[in-house]
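Participant: I have a structure I would like to understand better, so I am pasting it below and will then ask my questions one at a time.
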Protein chains: 4
Amino acid sequence: MSNLFGKIFTISSFGESHGSAIGVVIDGCLPNIEVDFELIKRDLLRRKPGQSLVSSPRNETEEFEILSGVFEGKTLGTPIAILVRNSDIKSSDYDVIKNIFRPSHADYTYEAKYGIRDHRGGGRQSARETVARVLAGSFAKMILNKLGIYIQAYVSQIHTIQVQQPYFNLNLDQTETNMVRCPDPEAAKWMEDAILKAKDEGDSLGGIVSCVIKGVPVGLGEPVFDKLHADLGKAMLSINAVKGFDIGSGFDSVVRKGSELNDAFRLDESEVRTKTNNSGGIQGGISNGEDIFFRVAFKPVASIKHEQESITKSLDQVNFSIAGRHDSCVVPRAVPIVEAMAALVIVDHYLRNASYKMQPFS
Amino acid sequence: MSNLFGKIFTISSFGESHGSAIGVVIDGCLPNIEVDFELIKRDLLRRKPGQSLVSSPRNETEEFEILSGVFEGKTLGTPIAILVRNSDIKSSDYDVIKNIFRPSHADYTYEAKYGIRDHRGGGRQSARETVARVLAGSFAKMILNKLGIYIQAYVSQIHTIQVQQPYFNLNLDQTETNMVRCPDPEAAKWMEDAILKAKDEGDSLGGIVSCVIKGVPVGLGEPVFDKLHADLGKAMLSINAVKGFDIGSGFDSVVRKGSELNDAFRLDESEVRTKTNNSGGIQGGISNGEDIFFRVAFKPVASIKHEQESITKSLDQVNFSIAGRHDSCVVPRAVPIVEAMAALVIVDHYLRNASYKMQPFS
Amino acid sequence: MSNLFGKIFTISSFGESHGSAIGVVIDGCLPNIEVDFELIKRDLLRRKPGQSLVSSPRNETEEFEILSGVFEGKTLGTPIAILVRNSDIKSSDYDVIKNIFRPSHADYTYEAKYGIRDHRGGGRQSARETVARVLAGSFAKMILNKLGIYIQAYVSQIHTIQVQQPYFNLNLDQTETNMVRCPDPEAAKWMEDAILKAKDEGDSLGGIVSCVIKGVPVGLGEPVFDKLHADLGKAMLSINAVKGFDIGSGFDSVVRKGSELNDAFRLDESEVRTKTNNSGGIQGGISNGEDIFFRVAFKPVASIKHEQESITKSLDQVNFSIAGRHDSCVVPRAVPIVEAMAALVIVDHYLRNASYKMQPFS
Amino acid sequence: MSNLFGKIFTISSFGESHGSAIGVVIDGCLPNIEVDFELIKRDLLRRKPGQSLVSSPRNETEEFEILSGVFEGKTLGTPIAILVRNSDIKSSDYDVIKNIFRPSHADYTYEAKYGIRDHRGGGRQSARETVARVLAGSFAKMILNKLGIYIQAYVSQIHTIQVQQPYFNLNLDQTETNMVRCPDPEAAKWMEDAILKAKDEGDSLGGIVSCVIKGVPVGLGEPVFDKLHADLGKAMLSINAVKGFDIGSGFDSVVRKGSELNDAFRLDESEVRTKTNNSGGIQGGISNGEDIFFRVAFKPVASIKHEQESITKSLDQVNFSIAGRHDSCVVPRAVPIVEAMAALVIVDHYLRNASYKMQPFS
């Protein structure tokens, strides 16, 4: 049951990295939504390996097939199954790790949990699984766009290079104009250099993806356990290589006082607004109409070319190096994945909130 | 459905701050567990307001009643309903906020979502709800203790005062020896001073609770969406005033390289272990047998005595001050809550993992 | 997790027959619903033992306490916890069965599954648990009543005595005018006689409860697994002593031909209606606007005064008789339980359907 | 969320009758199960149209492709996605019903609920969806077979022709020896004749599928809402054309007395057994180790060749006839579907029960 996500807009993800296909079934998508095929393609390409010098050279064609749930270009309200065939597979690259547990990968834990694993390309633990998330997220975005809700993620830090401005001082439209998806062109240049240097060294870098969601109406999110930011947090922490999440003033809240941090209410043309937005658009787990803003911390990927110590399935100590094609930094490619997961959470809570809006009760 | 947590060990939380009672129903607790009444009492007292100079003076007696699911001192396997009556209620303290939305509280968002709210003591948005979590968590701990799994949370930072040592260099047994629940006695003293100063100023402070879980077997956690740290993250982010979560090397991972961060495998008396534990005990979402380690960031509570700007339900701009009894810093009292939520996640995943251990399949 | 029911309007039931209390937590009730205390009382009394000569003499007072979720007479949208204390308990009546497995009860299966059981009054297996269902069902009815949806169950058969008319030829308002809750006064008389005779003989009788739901709008129910009648069926089959369920033409469909059974569509003042209603108001799992009609078969209760053969926990063969206070026929008391479960299913599907009605999509 | 079934062994079904494919994703299948490809093929063929004179002539090739979750012939514990491409599609046959609501089909209710529908072959409402169930059920059977649990369904009634013997007096091995899947050869002959006659008349017949499950251990099923027979009932009622379900003595219980119906316990080589099995193998919702036995009532399919009255989408009254290729009686083809749904319920409860068997608690 761990491959299901969402309560009303529910997705079921499947596929191994070097198996036949990666795919997803979306159950609970609204009917009569015109399918935006360009949006799907665009997000798949943004996630795709081999898209630029800073990403892995694996050359997936990423052609998707919709098997069900869409009729004459519109959603039916029935399950939407979509798949992307795996191509350009070089499983032989992975023969060396068939019996070795790669450090900080999930080879060992999968083997221990299941007693079996598909070692080729990392099998199910591979970030190739995120194709399913991007596919589903694009359908979530189609609904959100009709509601005037827009999600924009961007790279705000790579290794030690940090964008210094808050999101509202940046031109987020510039995000897609460079390889690293950083809306600050100068920082972007430094980031690219850092990634290419790490690539040369056979090493890897981490970073932070920041995400802004505009247009979320007041009232999404359920108090207590399914707080909107708790569900966003889980969604982000479920992405490969993510080690941390914070919302609004986040970890920085710790060193500030209540009197500095509270968001005073004000009226703006008879609309309730806050003067500041340290809450990150969510109060008590419920959206308050301000921009939702959060950060996601990615560790450097575990696949590096350096020689490493490890052990084999038969419990021998070994030194080895990983071949295969890997990103030195996945953070730029994680941008559409963060957006997709955010879209899934928001659309699900939008639909969960629908019952409160029902006549004759609202 | 937002007041339910867990898939197999499921809890249903209920109660408003100034209503009749706070309580919880636990569905899915194993049968034949001897109920450790002392453990329940101890954790309730650790969470209780008024326990020390650094906490709120509200004097709840916190007597609990078990209504079902326990027979002759043992769990039956049927739902365990427990309640704590609310006492020492001064709802009149809250009359002033009946029509005012307190900044950075959930008054406005509850009102907007539901069109009604119990303003007394914050109603359902009050952290008094966490009594339910602690009650349920104590049952989870009873199971975990039998399995040799122990959870210890502690305060590692209050405002700018930070414990400088990693958890494994601290004597965690000292955690409960001071009012702030900090295992570093010197830091603890500074923290107490800081909190008392903030109290004098009518202001509030945030902090960080760190948590260590020892004895978790290899294999807990489900890959993809229900990664063990994703579920821990959601659990923590659902606690009032939490703004961030990270696991293992967490946000610090960002500025380190793959070659520095990877946890090499080694053999320790034919057991698979890692040399370092930047993974925080979880790889690919599945526990690897090392200590699980994570951090939870709390903002300073929103209730401060300073005069603040806000608006009323009838959309008038007002300046007002909050009376009522509040903590200047909830972080010390959050320690048992963090532990309780961690216990709920671990026991749930322990039970979810049971099917993989079934004969004749394992 | 087996004590939870519903996806959006979710209930969590708890309590043993001779424990402290029976109760329920409702999570997902709409806010701002005026609580109809009379409705709750009325349905509790209809379910109550000792209400007439044909029911068990246990004299529960059935006073309920609402612990949360209701403020100034209205629902808050937060969890509604309600409990009924157990009273008039004669647990000593049950000492004899502490170590004996009563035939066709769940003593043996509980013991085998859990390794422990509360034998007093049957513990959790007792139909006393249905108090929780009736409490929750009354809140569901409050919502449905505002929507013009009304549920009426009645006894249509006791042992061999059968009401001969279909529901639409009966005056269902007469249902509550007799002890057996049968709207056909003549049949009711025969049924009473049959039950009293069985009581004299220390034996028990089964019967059928029929249920009509009027006013359900077109479109409730989800195709494929959560068909409206599949969820109704599960709800009914989860009631103690139920052995069968059918919808519309039900088991009788088997001996009729498609040409006889199909419900032709017709227009009635530009509304789509069917000429006949063999579908029982549900087509393809979705309500079609006609009356929903189904039947629920109850076996005679297992508690009889006859001497019976059985075995003990220590696996000795024994002959024994059950004391305790039991109904000779629970079917009349099951009427409000059937209604409650129906109300829970319909309100849940009403809320699940809300998202399809959302602007700007509908 | 209506296309998901099961709590631990969870399936996600997708596909329209005349879309690209029908398929299923199984999440929660145990790892290391050897895939029995012959079993999958055999059950697909048993469900397949065109398999005999008594079934629809649509000639699906029913070739399945496993896209994920299986590696070197064994299950990985990761999601198993399987699809069957739709072939031999004659959508033009359905042009006539594009705008007409067929009586006792779900054309009208789908249109009303979703505002859109794929009319071709009935789209999602078509029983072609049951391919997904049979595919998933075959994996459930692989697990059950290893546990010594066997499921055998058979046709016990077609229209007025009824098998007179209880299942334990029949040779169930003869079930597959005739076209109607009836283990009583004489009755089978009469049934075939009846179906062929109905076919000639352009009419349709209903019937009853009975199902026996042998080898279920004591203890499966959760008390209260997820009683084993309640989940079986829901599973069966979710199958197209099913109108009723009963367990053990079922509807017949109504006319029998407690003293006749109770299943006395006895010892059989120190195993607890019952003398009779009116409980149908389930007591208090929990399996008791006896054979599980239930019946499923199918109405005659709604597609008949007779002229029928109906209305169009634009609300005009019309008379029309259905072309297309349809079964006159689907009951024989429903046998593997009933088995598949039963297998899904049993395996799910088997896995849910695993936690009670955990060391050191059991």
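Participant: Go through the residues of the stretch A:254-267 one by one and say whether even a single one is under 30 Å from residue A:201 (Cα atoms) and over 29 Å from the mean Cα position of the chain (by Cα).
Facilitator: no
Participant: While we're looking at this one, here's another question. If we scan the stretch C:322-345, do we find a residue that is surrounded by fewer than 24 Cβ atoms within 10 Å (Cβ to Cβ) and among the aliphatic types (A, V, I, L, M)?
Facilitator: Yes, there is a match, as at least one residue in the stretch C:322-345 is surrounded by fewer than 24 Cβ atoms within 10 Å (Cβ to Cβ) and among the aliphatic types (A, V, I, L, M).
Participant: Give the residue that is farthest from residue B:345 (Cα to Cα), with candidates limited to residues of the stretch B:127-145 that are of a type outside the set (D, E, K, R) and in contact with a Lys or Arg (Cβ under 9 Å, 6 or more places away or on another chain). Walk me through it before giving the result.
Facilitator: Initial filter on the stretch B:127-145 (of a type outside the set (D, E, K, R)): B:127, B:130-132, B:134-140, B:142-145.
Restricting the remaining residues to those that are in contact with a Lys or Arg (Cβ under 9 Å, 6 or more places away or on another chain) gives B:127, B:130-131, B:134, B:138.
On the way: B:127: 20, B:130: 15, B:131: 17, B:134: 13, B:138: 12 Å.
Residue satisfying both the conditions and the ranking: B:127.
Participant: As an exercise: evaluate residue A:174 against (1) touching a Pro at 6+ places or on another chain (Cβ under 7 Å); (2) in a loop (DSSP other than H, G, I, E, B); (3) over 22 Å from residue A:245 (Cα atoms) and give the number of the one condition it does not meet.
Facilitator: (2)
Participant: Among A:272, A:254, which is more than 14 Å from residue A:166 (Cβ to Cβ) and in contact with a helix residue (DSSP H, G or I) (Cβ under 7 Å, 6 or more places away or on another chain)?
Facilitator: Exactly one of A:272, A:254 is more than 14 Å from residue A:166 (Cβ to Cβ) and in contact with a helix residue (DSSP H, G or I) (Cβ under 7 Å, 6 or more places away or on another chain), namely A:272.
Participant: Sticking with this structure for a sec: For residues that are acidic (Asp, Glu) and surrounded by fewer than 24 Cβ atoms within 10 Å (Cβ to Cβ), scanning just the stretch A:223-262, find the one that is nearest to the other protein chains (Cβ to nearest Cβ). Lay out the reasoning, then the answer.
Facilitator: Pass one, the stretch A:223-262, residues acidic (Asp, Glu): A:226, A:231, A:246, A:252, A:260.
Still in the list and also surrounded by fewer than 24 Cβ atoms within 10 Å (Cβ to Cβ): A:226, A:252, A:260.
Values: A:226: 4, A:252: 8, A:260: 8 Å.
For the stretch A:223-262, the residue satisfying everything is A:226.
Participant: Now, a different point. Looking only at the stretch B:264-277, how many residues end up being surrounded by fewer than 24 Cβ atoms within 10 Å (Cβ to Cβ) and in contact with a strand residue (DSSP E or B) (Cβ under 9 Å, 6 or more places away or on another chain)?
Facilitator: Summing the residues that are surrounded by fewer than 24 Cβ atoms within 10 Å (Cβ to Cβ) and in contact with a strand residue (DSSP E or B) (Cβ under 9 Å, 6 or more places away or on another chain) in the stretch B:264-277 gives 8.
Participant: For the stretch A:267-280, which positions are facing another protein chain (nearest Cβ under 7 Å) and farther than 13 Å from residue B:302 by Cβ?
Facilitator: Hits for the stretch A:267-280 are A:267, A:270, A:272.
Participant: Go through (1) in contact (Cβ under 8 Å) with a residue 24 or more places away in the chain; (2) in contact with an Asp or Glu (Cβ under 9 Å, 6 or more places away or on another chain); (3) small (Gly, Ala, Ser) and name the single condition residue C:132 misses.
Facilitator: The single condition residue C:132 does not satisfy is (2).
Participant: When the residues of the stretch B:17-49 are narrowed to those that are part of a loop (DSSP other than H, G, I, E, B) and under 18 Å from the mean Cα position of the chain (by Cα), which ends up nearest to the other protein chains (Cβ to nearest Cβ)?
Facilitator: My answer is B:17.
Participant: To continue, here is another question. Any chance you could count how many residues in the stretch B:18-51 are touching a Lys or Arg at 6+ places or on another chain (Cβ under 7 Å) and buried (at least 23 other Cβ atoms within 10 Å of the Cβ)?
Facilitator: So the answer is 2.
Participant: Of everything in the stretch C:118-133, what is within 7 Å of another protein chain (Cβ to nearest Cβ) and not in a helix (DSSP H, G or I)? Give them in sequence order.
Facilitator: Result: C:118, single match.
Participant: Report whether or not residue A:107 is touching a residue at least 60 places away in the same chain (Cβ under 8 Å), farther than 30 Å from residue A:278 by Cβ and touching a Phe, Trp or Tyr at 6+ places or on another chain (Cβ under 6 Å).
Facilitator: no
Participant: Across the stretch B:281-297, which residue is farthest from residue A:261 (Cα to Cα) among those that are within 7 Å of chain A (Cβ to nearest Cβ) and touching a strand residue (DSSP E or B) at 6+ places or on another chain (Cβ under 8 Å)?
Facilitator: B:288
Participant: Could you run through the stretch D:192-217 and say how many residues are more than 14 Å from chain C (Cβ to nearest Cβ) and without any contact (Cβ under 8 Å) to a residue 60 or more places away in the chain?
Facilitator: Of the residues in the stretch D:192-217, 1 are more than 14 Å from chain C (Cβ to nearest Cβ) and without any contact (Cβ under 8 Å) to a residue 60 or more places away in the chain.
Participant: Residues D:339, D:309, D:271: which one is within 30 Å of residue D:197 (Cα to Cα), over 21 Å from the mean Cα position of the chain (by Cα) and among the charged types (D, E, K, R)?
Facilitator: Exactly one of D:339, D:309, D:271 is within 30 Å of residue D:197 (Cα to Cα), over 21 Å from the mean Cα position of the chain (by Cα) and among the charged types (D, E, K, R), namely D:309.
Participant: Same structure again: Which one is farthest from the other protein chains (Cβ to nearest Cβ) among residues in the stretch C:153-179 that are within 29 Å of residue C:13 (Cα to Cα) and either open to solvent by 50 Å² or more (accessible area, probe 1.4 Å) or small (Gly, Ala, Ser) (or both)?
Facilitator: C:176
Participant: Of the conditions (1) farther than 24 Å from residue D:158 by Cβ; (2) of a type outside the set (Phe, Trp, Tyr); (3) over 19 Å from the mean Cα position of the chain (by Cα), residue D:53 fails just one. Which one is it?
Facilitator: (1)
Participant: Going by what's in this entry, would residue C:115 be described as over 19 Å from residue B:20 (Cβ atoms), free of Cβ contacts under 8 Å to residues at least 40 places away in the same chain and open to solvent by 30 Å² or more (accessible area, probe 1.4 Å)?
Facilitator: Values: over 19 Å from residue B:20 (Cβ atoms): yes; free of Cβ contacts under 8 Å to residues at least 40 places away in the same chain: yes; open to solvent by 30 Å² or more (accessible area, probe 1.4 Å): yes.
Answer is yes for this residue.
Participant: Among the residues of the stretch A:66-79, is there at least one that is more than 14 Å from every other protein chain (Cβ to nearest Cβ) and either touching a strand residue (DSSP E or B) at 6+ places or on another chain (Cβ under 8 Å) or outside any loop (DSSP other than H, G, I, E, B) (or both)? First the steps, then the outcome.
Facilitator: First, the residues of the stretch A:66-79 that are more than 14 Å from every other protein chain (Cβ to nearest Cβ): none.
Within the stretch A:66-79, not a single residue is more than 14 Å from every other protein chain (Cβ to nearest Cβ) and either touching a strand residue (DSSP E or B) at 6+ places or on another chain (Cβ under 8 Å) or outside any loop (DSSP other than H, G, I, E, B) (or both).
Participant: May I ask you to verify whether residue C:136 is at pLDDT 95 or above, over 25 Å from residue D:251 (Cα atoms) and within 10 Å of chain D (Cβ to nearest Cβ)?
Facilitator: Working: at pLDDT 95 or above: yes; over 25 Å from residue D:251 (Cα atoms): yes; within 10 Å of chain D (Cβ to nearest Cβ): no.
The answer is no for residue C:136.
Participant: From the list A:107, A:88, which residue is of a type outside the set (Gly, Ala, Ser) and within 14 Å of chain B (Cβ to nearest Cβ)?
Facilitator: Answer to the selection: A:107.
Participant: Residues in the stretch B:289-304: is at least one of a type in the set (Val, Ile, Thr) and modelled with pLDDT of 95 or more?
Facilitator: Yes, that holds for at least one residue.
Participant: Taking the stated definitions as given, is residue B:2 in contact with a helix residue (DSSP H, G or I) (Cβ under 6 Å, 6 or more places away or on another chain), within 14 Å of chain A (Cβ to nearest Cβ), at pLDDT below 95 and open to solvent by less than 10 Å² (accessible area, probe 1.4 Å)?
Facilitator: Values: in contact with a helix residue (DSSP H, G or I) (Cβ under 6 Å, 6 or more places away or on another chain): yes; within 14 Å of chain A (Cβ to nearest Cβ): yes; at pLDDT below 95: yes; open to solvent by less than 10 Å² (accessible area, probe 1.4 Å): yes.
Against the criterion (in contact with a helix residue (DSSP H, G or I) (Cβ under 6 Å, 6 or more places away or on another chain), within 14 Å of chain A (Cβ to nearest Cβ), at pLDDT below 95 and open to solvent by less than 10 Å² (accessible area, probe 1.4 Å)), residue B:2 qualifies.
Participant: On the given criteria, is residue B:148 away from chain A (no Cβ under 14 Å) and either not hydroxyl-bearing (Ser, Thr, Tyr) or not in a helix (DSSP H, G or I) (or both)?
Facilitator: Answer is yes for this residue.
Participant: Would you check which residues across the stretch D:78-105 are over 25 Å from the mean Cα position of the chain (by Cα) and not polar (S, T, N, Q) and list them?
Facilitator: Within the stretch D:78-105, D:90, D:93, D:94, D:95, D:96, D:97, D:98, D:100, D:101 qualify.
Participant: Check residue D:55 against each of (1) more than 14 Å from chain C (Cβ to nearest Cβ); (2) surrounded by fewer than 20 Cβ atoms within 10 Å (Cβ to Cβ) and name the one condition it does not meet.
Facilitator: (2)
Participant: What's the number of the only condition in (1) in contact with a His (Cβ under 8 Å, 6 or more places away or on another chain); (2) more than 8 Å from every other protein chain (Cβ to nearest Cβ); (3) open to solvent by less than 10 Å² (accessible area, probe 1.4 Å) that residue B:302 fails to meet?
Facilitator: (2)
The values are calculated or read from the model by the stated rules, or taken from the named source; none is laboratory data. As the structure is a prediction and not an experimental result, all values here were calculated from the model. Counting neighbours? That spans all protein chains shown, and the Cβs are built from the backbone with ideal geometry, glycine included. Please note that ligands, DNA and RNA were not included when accessible areas were found on the heavy atoms of the full protein model with its side chains. Shrake-Rupley method; radii C 1.70, N 1.55, O 1.52, S 1.80 Å.
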